[in-house]
Amino acid sequence: MEYKWLNKKNNKKLIVFFNGWGMDENVVKHLKPEDYDVIMFYDYNNLDMDLSLLEEYEQKHLVSWSMGVMTATLFNIKYNTSTAINGTLKPIDDKFGIPVKIYDLTLNNFNQNSSQKFIQNMFEKGESVPPIEREFENIKKELAALKNYKADSNFKYTKILLSNKDRIIPSKNQSAFWKLAPNTEGGHCLFYKFEYWSELL
């Protein structure tokens, strides 16, 4: 697993962002941090993580998106608030996530063209897709690695953002998992609807 500081100004409050599969900071770089430091975790080919990076902060707030919603639960970190955005604790699941057959077909037929189409489907029609600066082989391996992880079912999120037009993790499956109707207009990626990180907490 990789990490990158999106803002580090020795603030007392930290936002821990678990990104989605295949993504980098370009999908959220427009968000303003205000008085928060922000660290992003991504590239889930392994789960190596240095928890000491987070020790100095008085407050820790989790924002997780897509596959990051599941991955974030795998670490023993205490958060003041935790937000799940368009993901579930069972992201590869016929009832509660991406149907298994579709996920496997995506993985088995994964190539440069299909990867671009998959990423395009994360965004609403008309939205500009940010440049993703990650290697093709790296994100393909990550897609396979994610099948090996299982969420901590005891983890409790304090806020759920669930889109009504998600073309990646079907909105109806997310609703079934959270027992919650869609509460946000949009597709799989919601970040362009916000200006500040604090709006997601």
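Residues in the stretch 80-92 that are surrounded by 20 or more Cβ atoms within 10 Å (Cβ to Cβ) and either more than 15 Å from residue 21 (Cα to Cα) or at pLDDT below 95 (or both): 82, 83.
For the stretch 21-63, the set of residues classified as small (Gly, Ala, Ser) and in contact (Cβ under 8 Å) with a residue 60 or more places away in the chain consists of 22 only. Any residue in the stretch 59-72 that is surrounded by fewer than 18 Cβ atoms within 10 Å (Cβ to Cβ) and of a type in the set (D, E, K, R)? The answer is no, given that none of the residues of the stretch 59-72 is surrounded by fewer than 18 Cβ atoms within 10 Å (Cβ to Cβ) and of a type in the set (D, E, K, R). Of the listed requirements (1) surrounded by 21 or more Cβ atoms within 10 Å (Cβ to Cβ); (2) closer than 24 Å to residue 163 by Cβ, residue 26 misses just one: (1). For the stretch 133-154, the set of residues classified as part of a loop (DSSP other than H, G, I, E, B) and exposed (fewer than 15 other Cβ atoms within 10 Å of the Cβ) consists of 133, 135, 150, 152, 153, 154, listed by residue number. Only residues that are in a loop (DSSP other than H, G, I, E, B), surrounded by 13 or more Cβ atoms within 10 Å (Cβ to Cβ) and either at pLDDT 90 or above or in contact with a helix residue (DSSP H, G or I) (Cβ under 6 Å, 6 or more places away or on another chain) (or both) were counted across the stretch 95-128, and they come to 7. Just one of the listed residues (157, 149) is in contact with a helix residue (DSSP H, G or I) (Cβ under 7 Å, 6 or more places away or on another chain) and in contact (Cβ under 8 Å) with a residue 12 or more places away in the chain, namely 149. Residue 116 falls short of the stated requirement of being under 17 Å from the mean Cα position of the chain (by Cα), free of Cβ contacts under 8 Å to residues at least 24 places away in the same chain and more than 13 Å from residue 17 (Cβ to Cβ).
Reported count of residues in the stretch 1-40, each being under 18 Å from residue 200 (Cβ atoms) and of a type in the set (Ser, Thr, Tyr), is 1. Looking only at the stretch 179-201, filter to residues that are in contact (Cβ under 8 Å) with a residue 60 or more places away in the chain and not in a loop (DSSP other than H, G, I, E, B); which one of those is surrounded by the fewest Cβ atoms within 10 Å (Cβ to Cβ)? Residue satisfying both the conditions and the ranking: 196.
The values are calculated or read from the model by the stated rules, or taken from the named source; none is laboratory data. Since the model is a prediction, treat every value here as computed from it, not as a measurement. Methodologically, a virtual Cβ is constructed for each residue, glycine included, from the backbone with ideal geometry; neighbour enumeration extends over all protein chains shown.
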